1. Assess whether A:PRO51 counts as being in contact with a helix residue (DSSP H, G or I) (Cβ under 9 Å, 6 or more places away or on another chain) and under 30 Å from A:ALA303 (Cα atoms).
2. Return the residues of region A:1-33 that are part of a loop (DSSP other than H, G, I, E, B) and of a type outside the set (S, T, N, Q); say none if nothing qualifies.
3. Test B:LYS309 against the stated conditions and say whether it is more than 11 Å from every other protein chain (Cβ to nearest Cβ), within 17 Å of B:HIS190 (Cα to Cα) and among the charged types (D, E, K, R).
4. Restricting attention to region B:303-317, which residues are in a helix (DSSP H, G or I) and either touching a residue at least 24 places away in the same chain (Cβ under 8 Å) or over 23 Å from the mean Cα position of the chain (by Cα) (or both)?
5. Restricting the search to region A:95-151, which residues are of a type in the set (Asp, Glu) and crowded, with 20+ Cβ neighbours inside 10 Å?
6. What's the number of the only condition in (1) assigned to a helix (DSSP H, G or I); (2) within 20 Å of B:ASP132 (Cα to Cα) that B:ASP46 fails to meet?
Amino acid sequence: MKFLSEYRDADLVHQYVQEIQRTVTRPWTIMEVCGGQTHSLVKNGLLQLLPPEVRMVHGPGCPVCVTPLHLIDKAVYLALEKGVILCSYGDMLRVPGSQKSLLEAKAAGADVRILYSPLEAVKIAQDNPNKEVVFFAVGFETTAPANALSVLHAQRAGVNNYSILTSHVLVPPAIEAVMTDEDSHIQGFLAAGHVCTIMGLDEYYPLVEQYKIPIVVSGFEPVDLMQGILMVIRQLEKGEHQLENQYSRVVRPEGNPEARKVLERIFEIHDREWRGIGTIPHSGYELREEFAAFDANRKFEVAIEKVPESAECIAGLVLKGIKKPQECPQFGKKCTPQNPLGAPMVSSEGACAAYYHFANLLESVETM
Amino acid sequence: MDKMTMQLQCPMPQLDFDIITLGHGSGGLLTNRLLDSGVFDVLKNDLLDERHDGAQFVVEKGTMAFSTDSYVISPIFFPGGNIGELAVNGTVNDLAMCGAQAQYLSLAFIIEEGLPMTEFWEVLLGIKYAADQAGVKIVTGDTKVVERGKGDKIFINTSGIGQVHPRAKISKSRVQPGDKIIVSNPIATHGVAILSVRQGLEFETSIASDTTNLNELVTSLLDIFGEDIHLLHDPTRGGLSTVLNELARDTRLGIDLEEKAIPVLDEVAGACELLGLDPLYVANEGVFIAVVAAEAADSVLEKMREHTKGQGAAIIGSLCAEHPKQVVLKSKMGGRRVVNMPIGEQLPRIC
């Protein structure tokens, strides 16, 4: 595949590994922010190729994992009790709510549909004028523009039976939350390339300055990740802290101005609750008052009781990189993808699931 | 006869009904009118023409294989085939995986009322085409119609019976460390073709399902390699990873896979990339794995590649005594990871 296979070149990966080995002189702890990066590191077996000095910890950038329990409960409620057509990206479906997942709601008769594009949901709303259609708008800055566009689209087309249930979260406040956590020991970051494709680089300079940490905006393919790691390590070894862009073939410094305009138009920044982590100030998007009619939260008044998370799940510590998935006593035992205690075991972007599925964990399979 | 010629030669008869209704499954006059409309003519053979509840036939000496499967695919028409072809090929191939040549099939329809007769006819021609291609006779059948909303257009069950090749000795118990795993053609093609037309996920592609019978290829391999073929399996639902995990679990052996050896068509790999799917977990048709004695592996591979249905064959891995019950894949990057059994249907990722 042109433009992909070049970044999956095993020889090039090995050259980067050798260069990392030559460069590193002491242990470093680096966080890859995005779940897609975690997935790629584990799926391609890249972690084993790194020298022991380089410790990668996996960040909070899994949108499915950080979507609060009560929002999933709300989506399930809307689908089951309010008879809405609930549309969602695929990997949200298996995430357990306090009672049910959306997949279980579907089995119980709810109309739950997997889509790749929120614009498809607007079309479903047009095709079903007598039904309410709700799109579960989950994700980071990457998916937010398309979800925002669906609202604009619905407004223009006069579709009034369409709304979105937003759980949009933002990367820079999450990096801040990781850095201010006293248990955190992160020394450098791989920032999420696709988020920066939209947002550009500007919001990362203050983080580099304030926390004196190297941040390298990286892609997701093996060569991207290895190059990104090398760039972080070179800075760390020299005692530098800068913002660098490894993913310059995709990320422009200014991001995507058109997409940002749409975001600005539709959303405003609010405090937001992150599952497993808690509320992070100014860390999420909500629809502006002007678009309240398209906000499922305001359209459907549903009192969903907040249910505490499983006490046995250490998702918050995993998402902040304080613990590795296999350091959880329940990993692969009480908590498996078939029977997850928390969201990181469900989504393929979740660190726990990535480790469970792809890492070389001989005992975990024994228990199956 | 190719599919197009068959459609031209078997036009749908003039009927005084254009949709199938509950009455067509009642067993009475309407059922007879449906069957007489051409169903019997299309599938015609000496045993079916008896029009009895069951078929009687003489069996040769030896071992017989017997298999059944139900087909509930949505949508029922997809690039490269339809549910009818799938229902014949699937059972023919299940028998082939026992080392048997399918001889007789049963065919049972569960139809949702309202199915247009034109669609039923097209499915029927798919059945005839696949049966002719595989050299198998449909000798008994059943038709039921359920109320609208209680089915999904049409469900089909087929069972099949066939003579096992005299040289075949296919059993999981014969699989041993060192055996090589050969896949007969690129994987994941069928699953991606289906996804490309599934509602809500439609995308434009030239990928067509590779559904086909595998009995002739299997027979030609057994003729030459006989006992060296330890196991055959078609990785349909759940994909290659499921079949290999079951094999590792049941034999209590480990499996080593080479990612770069696993054949996947470029278009299929590209679609999986876009859709966030792993080809190892995508359903297959028209593809099987053969577990063969190490010393015979290269010759089996060569023979397979000579056949039109095995041109894309490759040795993708081997059985080992280490890491029992685990499938371990060496990635293209040189790292190793465990390939687990999928939990349920693969769900596409957000980004």
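The values are calculated or read from the model by the stated rules, or taken from the named source; none is laboratory data. Here the structure is a predicted model, which means the values were calculated and not measured. Quick reminder, even Gly has a Cβ in these numbers, built from the backbone with ideal geometry, and neighbours come from all protein chains shown.
1. no
2. Residues satisfying the conditions are A:MET1, A:LYS2, A:PHE3, A:LEU4, A:ASP9, A:VAL24, A:ARG26, A:PRO27.
3. Yes.
4. Listed by number, the residues that qualify are B:LYS303, B:MET304, B:LYS309, B:GLY310.
5. Scanning region A:95-151 gives a single hit, A:GLU141.
6. Just one mismatch for B:ASP46, condition (1).
Results for (1) assigned to a helix (DSSP H, G or I); (2) farther than 17 Å from B:LEU124 by Cβ; (3) of a type outside the set (Lys, Arg), shown as yes or no for each residue.
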{"site": "B:PRO13", "(1), (2), (3)": "no, no, yes"}
{"site": "B:THR31", "(1), (2), (3)": "yes, no, yes"}
{"site": "B:VAL39", "(1), (2), (3)": "yes, no, yes"}
{"site": "B:GLN56", "(1), (2), (3)": "no, yes, yes"}
{"site": "B:ALA65", "(1), (2), (3)": "no, yes, yes"}
{"site": "B:GLY90", "(1), (2), (3)": "yes, no, yes"}
{"site": "B:CYS98", "(1), (2), (3)": "no, yes, yes"}
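To keep it simple, each residue is scored yes or no on (1) part of a helix (DSSP H, G or I); (2) modelled with pLDDT under 95.
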| position | (1), (2) |
| --- | --- |
| A:TYR116 | no, yes |
| A:ALA121 | yes, no |
| A:GLN126 | yes, no |
| A:PHE135 | no, no |
| A:PRO172 | yes, no |
| A:ALA191 | no, no |
| A:ILE198 | yes, no |
| A:VAL208 | yes, no |
